[in-house]
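So the structure is just underneath, and the comments pick up after that.
The values are calculated or read from the model by the stated rules, or taken from the named source; none is laboratory data. Predicted model only: the values in this text are computed from it and were never measured. Ideal geometry is used to build each Cβ from the backbone, glycine not excepted, and the neighbour counts take in all protein chains shown.
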């Protein structure tokens with residue numbers, strides 16, 4: 001491998017290393033057998049396979065196998081030729097990115113029922129905060145001086161995120177042909193709403209200027225978390241997930257312009 005450092009992020013993940021080792025040892029394997037061997041959820045396995053698309057291919061029977069690059073990578077792993085110095089140079093940035101995207105938390109949604117109550121609580125806390133602060137929620141945006149009732153503002157907040165869930169289901173099917181894993185996606189999106197759920201409580205405590213600055217940070221972080229939610233919930237790579245989340249944000253902005261919320 002001419003530039004092993006380019007692939008080291010892939011090798012750091014034990015699930016991806018195990019996939020390379022399984023395929024290297026068995027030559028080819030079906031998705032069901034691979035998922036059972038890994039003990040991971042459907043979306044998570046698809047995500048790792050997508051990340052390894054440069055090394056893994058499918059034959060006419062839709063069995064997964066290593067291509068030439070994958071065979072080289074398997075040989076490197078088997079011989080233990082991964083330079084340990086790469087781990088030192090990338091350790092901090094890797095850990096930082098994992099926590100910015102809350103990857104350790106999203107990884108636990110393989111069994112979504114464990115974190116589904118947490119997701120629901122975050123949604124309810126956000127809806128309650130929006131109503132108490134009298135902020136109209138519009139997915140990635142808030143607008144003060146709401147004309148809705150207290151209950152109406154809470155319903156609006158939850159409706160926005162359910163709408164994003166339905167949009168993601170449709171868009172990822174049309175664009176990437178990914179279906180199923182609905183509960184994990186819903187759980188991940190609930191977790192991804194955390195920054196937006198917290199913002200109304202910060203809004204109570206700071207000046208308008210500070211709240212606008214905080215809002216910008218919250219929007220950027222929310223966009224990253226929603227992208228991560230699509231990664232884990234629908235099993236697609238981050239670059240593909242960002243396409244979905246950016247499309248959702250652009251449609252969000254376009255709808256707000258049409259409704260006259262931006263002047």
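In the set 133, 147, only one residue is surrounded by fewer than 16 Cβ atoms within 10 Å (Cβ to Cβ) and more than 21 Å from the chain's Cα centre (by Cα); that residue is 147. No other residue among 218, 198, 214 is buried (at least 18 other Cβ atoms within 10 Å of the Cβ) and either at pLDDT 95 or above or not assigned by TED's automatic domain parsing to the domain that holds residue 115 (or both) apart from 218.
State the number of residues belonging to region 26-58 that are farther than 26 Å from residue 112 by Cβ and at pLDDT below 85.
The initial filter retains those residues of region 26-58 that are farther than 26 Å from residue 112 by Cβ, namely 26-28, 54-55, 57-58.
With the extra rule that they be at pLDDT below 85, the set shrinks to 26-28, 54.
Of the residues in that region, 4 qualify.
Restricting to region 150-187, what's the tally of residues that are in contact (Cβ under 8 Å) with a residue 24 or more places away in the chain and exposed (fewer than 13 other Cβ atoms within 10 Å of the Cβ)? First the steps, then the outcome.
In the first step, residues of region 150-187 are kept if they are in contact (Cβ under 8 Å) with a residue 24 or more places away in the chain; the result is 153-158, 161, 163-165, 167-168, 171-172, 175-176, 178, 180-181, 183-187.
Retained after the next criterion (residues that are exposed (fewer than 13 other Cβ atoms within 10 Å of the Cβ)): none.
Final tally of qualifying residues: 0.
In the set 175, 164, 139, only one residue is modelled with pLDDT of 95 or more and in the same structural domain as residue 122 (by TED's automatic domain parsing); that residue is 164. Considering the conditions (1) surrounded by fewer than 23 Cβ atoms within 10 Å (Cβ to Cβ); (2) in contact with a helix residue (DSSP H, G or I) (Cβ under 9 Å, 6 or more places away or on another chain), residue 190 is excluded by exactly one of them, (1). Taking region 221-263 as the search range and keeping residues that are surrounded by fewer than 23 Cβ atoms within 10 Å (Cβ to Cβ) and assigned to a loop (DSSP other than H, G, I, E, B), which one is nearest to the chain's Cα centre (by Cα)? Result: 237.
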